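Bear in mind these aren't lab numbers, they're just calculated from the coordinates by the rules spelled out. Note that the structure is predicted; figures quoted are calculated from it, not measured. Positions of Cβ are backbone-derived with ideal geometry, glycine not excepted, and every protein chain shown enters the neighbour counts.
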């Protein structure tokens, strides 16, 4: 079978290689999956360059946490799935349900865990989730990291998603666009930022109500708060990082919540006094559990949500998929067909 690997000590895409290996076989409690599609996330870029948790990969590593495919074979004692079932990966190997836990990891596509960028992958059955019935393999492959992150940020915490809620989304990458689709299905009033009027128009077509070009409106946090007419938004899906957090604290309203996800920017005055004054909260989001993925898929089926796929690349062009995913052109998700 074919597989992509990052060579030990990887520091750039030059260290990504396609190799031939033997097809794996499932052991006790494991499932062999024929992978049909994978998707890319920001963390995958960090793993390639050696800037993910733990630094450079210490050994050859199959990358990517997100994939979908069909069950080929199950090992002894594996009872959750059967041959032919359509499944997607679960980001963490050990976080099944409940609140965040110290032993949730490792996460797929990083040292200590398998990766999905291969024609066949063996995973513990606990690391697989049934696909939503309305999705293609390409669509389902967008969900294990970005989709579950968006679901966790929106539906849990101090300000869970409800009709009429004001939700602020930053940018138009994978997490933000999936959050837009979920929030729109939940009847929320969605505000979204971007530096591109074209992307804002595309977001509006997906259900965004209020558009803010952050190059034209430097104090977009204050602008978002003003547009609600009641002092701020109920929820911010904060994918920017510490550089945008000060403006997100301006945007959040009384009793609202900032779901802290991103690490894209640095700097800024992050003193939490605006949260204290408004009784708002900041909640760290590190993807989510298998149970959250199951709930997400139920909602996707019920609302017939179809994730936005920007581009699909063939398996042989995985490096090009990485490059496009890191480019300013990105809107939604990038998928690799296997």
Inset, instruction - At 0.36 nm per residue, minus the direct Cα-Cα distance, what do residue 294 and residue 185 gain on full extension? Give it in nm, one decimal, please. - result: 37.5 nm
Legend entry - Computed label-point distance, nm, for sites residue 329 and residue 198 using a 7 Å Cα→Cβ extension: 0.9 nm
Legend entry - Angle between the chain longest axis and helix 174-185 axis [Cα atoms, degrees, rounded to 10]: 70 degrees
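So if each residue of separation counts as 0.36 nm, and I subtract the Cα-Cα distance between residue 12 and residue 301, what length gain in nm does that give? Write down the numbers at each step before the final one.
Numbers: separation 289, 0.36 × 289 = 104.04 nm, distance 3.81 nm.
Gain in length upon complete extension: 100.2 nm.
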Inset, instruction - Assign one of three labels to the range 148-284, namely rounded, prolate or oblate, based on the Cα gyration tensor with a ≥ b ≥ c the square roots of its eigenvalues; rounded applies when a/c is under 1.5, prolate when it is not and a/b is larger than b/c, and oblate otherwise. - result: rounded
Legend entry - Option label - Cα Rg over 2.2 N^0.38 Å computed here, alternatives (i) 0.98; (ii) 1.09; (iii) 1.20: (i)
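At a Förster distance of 41 Å, what's the computed FRET efficiency of residue 317 paired with residue 158, Cβ-Cβ distance as r, to 0.05? Present the calculation step by step, with values, prior to reporting the outcome.
Details: r = 43 Å, r/R0 = 1.04.
According to the calculation, E is roughly 0.45.
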Legend entry - Relative contact order of the range 148-284, pairs being alpha-carbon contacts under 8 Å that are 6 or more residues apart, as %: 22 percent
Inset, instruction - Sort 248, 196 so that the residue with the fewest other Cβ atoms within 10 Å of its own Cβ comes first and the one with the most comes last. - result: 196, 248
Legend entry - Residues 79, 149, sorted so that the one with the fewest Cβ neighbours within 10 Å comes first: 79, 149
Legend entry - For the range 272-338: rounded, prolate or oblate by the Cα gyration tensor [a/c cutoff 1.5]: oblate
Legend entry - Cα gyration tensor shape of the range 64-205, rounded if a/c is under 1.5, else prolate or oblate by comparing a/b with b/c: prolate
Inset, instruction - Using DSSP, restrict attention to beta bridges with both residues in the range 148-284 and report what percent are antiparallel, rounded to the nearest 5. - result: 0 percent
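May I ask you to derive the relative contact order of the chain, considering only C-alpha pairs under 8 Å and at least 6 residues apart, and to give it as an integer percent?
Details: 859 pairs, mean separation 61.0, N = 338.
Once divided by the residue count of the chain, the mean separation gives 18 percent.
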Inset, instruction - Give me the percent of DSSP beta bridges within the chain that run antiparallel, rounded to the nearest 5. - result: 55 percent
Inset, instruction - For each of 276, 292, 18, count neighbouring Cβ atoms within 10 Å of the residue's Cβ, then give the residues from fewest to most. - result: 276, 18, 292
Inset, instruction - Would you mind getting me the FRET efficiency between residue 217 and residue 82? Use the beta-carbon distance for r and R0 = 51 Å, nearest 0.05. - result: 0.45
